[in-house]
Amino acid sequence: MSTNGFGSPVADDPATMDFDETWYLERHADVAEAVAAGHWKSGYDHYLRIGRARGRLARANKGGAVGAGAVLPAAGTSQTGASTDPLTFDAAFYGEAYPLAQNDIMRGRAADLLTHYRTIGRFRGYLPNKSAIRPDNPAAPRSRFGGFWIDQGNALDLLDAREELGLVSTEDSKTLRQFITDGYTVLRNVIPDNVLDRAEAALGKAYNGGVPNLKFAISGVGERVDWQRTALTNPAKALDLHWMSPEIRDLALCDGVLRILHMIMERRVFASQTLGFWHGSAQEAHQDSAYVNYSHRMQFLATWIALEDVTENSGELFYYVGSQNLKEYLYLGAFKGVEDAARMHPHSVLNAEIKAHIVSLPPAAEKLGLRRERFIAKRGDVLIWNADLAHGGSPISTDSTRKSVVTHYCPAEAVPSYFENKPGRRLIRHGGGFYSTGHYDFDPIL
């Protein structure tokens, strides 16, 4: 058995049925070195994830090399000509058994039947041949920790169905399709100018010391400190400014943003945390799922809203396209996030694992050929990203500001861990959503 690219077990890909581990490592010294260093579990792991796509062979050429996209000949056939090998792709069987595959090919969703099986069919439970073993849950999300419907193996099928039933528009379908495939999407012109104006003024007031009791995380100073002027010069975050500012709540829970979030979450949205930025964060690539802890580990996402045009070298946001599909990093070999690992094993030292996770992301993305993109946003642009998208802040080499607000959201019933750590927290309704805080014990400023 192998995995479906989303972490779910499926019948083995026919292009790897005769994979020769020894030959592959001897043939590709770079892979052998990477396996020895622990970057890949095996040559097979490398081939399945990246080697095949780059045209590397699975084994020595035995009268018909097997490389990227090749349809293997059947290992055996019955008297009727049908394949008897459970790992062989039987194009004749597949085409006859699943007429929708031909429809998908005609629509441009796949180049041929084998490609259709690899990218679409196996998530529907289609068999590569009549004797193959059907996986228990072919549409399971890539993460063992679950997710939303967009994280299902068959998410694109689900999206197509929503569009055909009139539940989402063609334009919204494009937005959601990008989110499913790339791990992020961008909304433009969904926030009114007056909402942006008021939010920018509120952020300016905060960074000039005009919001009593507001806490900051300031690089070189502390993770939860009172305002000081260095917040205007050092990379800093205003923590849960939305608790003191109705203007920031209006921004984070704007109707244009909630409309897409509701399509993804399919219930009311809860803004559980905000971070206000004056400059870029200059933060290394990371995945939010390691640090933002909810009762449902993978049912959350985040937005980054630009309050001004972003210029180059101002610490602009970057991300690796499609990196939500990287192999999951498990803390202490079992936990999705640092907080749960520390809660269950309070005497463990996790700093080394945190560093190892961060260091692993760029090479893992590069090995898979994932593009690193910078987000040169315009005022009012909204970037929405998956909980597992690897992202960070570019280095800062100018004095330019990068005024922006980040918000983390979950469904209203999937509470953040600060409800468990500080009992008595509550959800408060604001417009079409809810909000709360883990930083302050006093009532919100209304």
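Structure notes:
- Extreme residue, surrounded by the fewest Cβ atoms within 10 Å (Cβ to Cβ), among residues of region 323-354 that are part of a helix (DSSP H, G or I) and of a type in the set (S, T, N, Q): 351
- Filtering region 104-134 to residues that are in contact with a Ser or Thr (Cβ under 8 Å, 6 or more places away or on another chain) and either farther than 24 Å from residue 325 by Cα or surrounded by 20 or more Cβ atoms within 10 Å (Cβ to Cβ) (or both) leaves 128, 129, 130, 131.
- Sole exception among (1) at pLDDT 90 or above; (2) touching a Leu at 6+ places or on another chain (Cβ under 9 Å) for residue 371, by number: (2)
- The lone criterion from (1) under 17 Å from residue 292 (Cβ atoms); (2) under 27 Å from the mean Cα position of the chain (by Cα); (3) touching a residue at least 40 places away in the same chain (Cβ under 8 Å) left unmet by residue 224 is number (2).
- Where a residue in region 425-446 is without any contact (Cβ under 8 Å) to a residue 60 or more places away in the chain and its partner, wherever it lies, is surrounded by 16 or more Cβ atoms within 10 Å (Cβ to Cβ) and in a strand (DSSP E or B), with Cβ under 6 Å and at least six apart: 428/435
- So residue 373, is it more than 30 Å from residue 198 (Cα to Cα), in the same structural domain as residue 314 (by TED's automatic domain parsing) and of a type in the set (Asp, Glu): no
- Qualifying position, being at pLDDT 95 or above, outside any loop (DSSP other than H, G, I, E, B) and within 30 Å of residue 41 (Cα to Cα), among 270, 318: 318
- Condition met for residue 392 (in a loop (DSSP other than H, G, I, E, B) and either touching a helix residue (DSSP H, G or I) at 6+ places or on another chain (Cβ under 9 Å) or closer than 21 Å to residue 326 by Cα (or both)): no
- Which listed residue is more than 28 Å from residue 213 (Cβ to Cβ), in contact (Cβ under 8 Å) with a residue 24 or more places away in the chain and either of a type in the set (Asp, Glu) or surrounded by fewer than 17 Cβ atoms within 10 Å (Cβ to Cβ) (or both), from 373, 366: 373
- Unmet criterion (only one of (1) of a type outside the set (Asp, Glu); (2) under 27 Å from residue 52 (Cβ atoms); (3) buried (at least 16 other Cβ atoms within 10 Å of the Cβ)) for residue 317: (2)
- Criterion violated by residue 445 - all others in (1) surrounded by fewer than 17 Cβ atoms within 10 Å (Cβ to Cβ); (2) closer than 30 Å to residue 175 by Cβ satisfied: (2)
- Cβ pairs under 6 Å, 6+ apart, first in region 23-35 and touching a residue at least 12 places away in the same chain (Cβ under 8 Å) and farther than 19 Å from residue 360 by Cβ, second of a type outside the set (D, E, K, R) and not in a loop (DSSP other than H, G, I, E, B): 24/43; 25/32; 25/43
For every residue, the table says whether it meets (1) crowded, with 21+ Cβ neighbours inside 10 Å; (2) not hydroxyl-bearing (Ser, Thr, Tyr).
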{"position": "223", "(1), (2)": "no, yes"}
{"position": "238", "(1), (2)": "yes, yes"}
{"position": "274", "(1), (2)": "yes, no"}
{"position": "280", "(1), (2)": "yes, yes"}
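The values are calculated or read from the model by the stated rules, or taken from the named source; none is laboratory data. As the structure is a computational prediction, the values presented were derived from the model and not from experiment. Please note: Cβ atoms are built from the backbone with ideal geometry, for glycine as well, and neighbour counts cover all protein chains shown.
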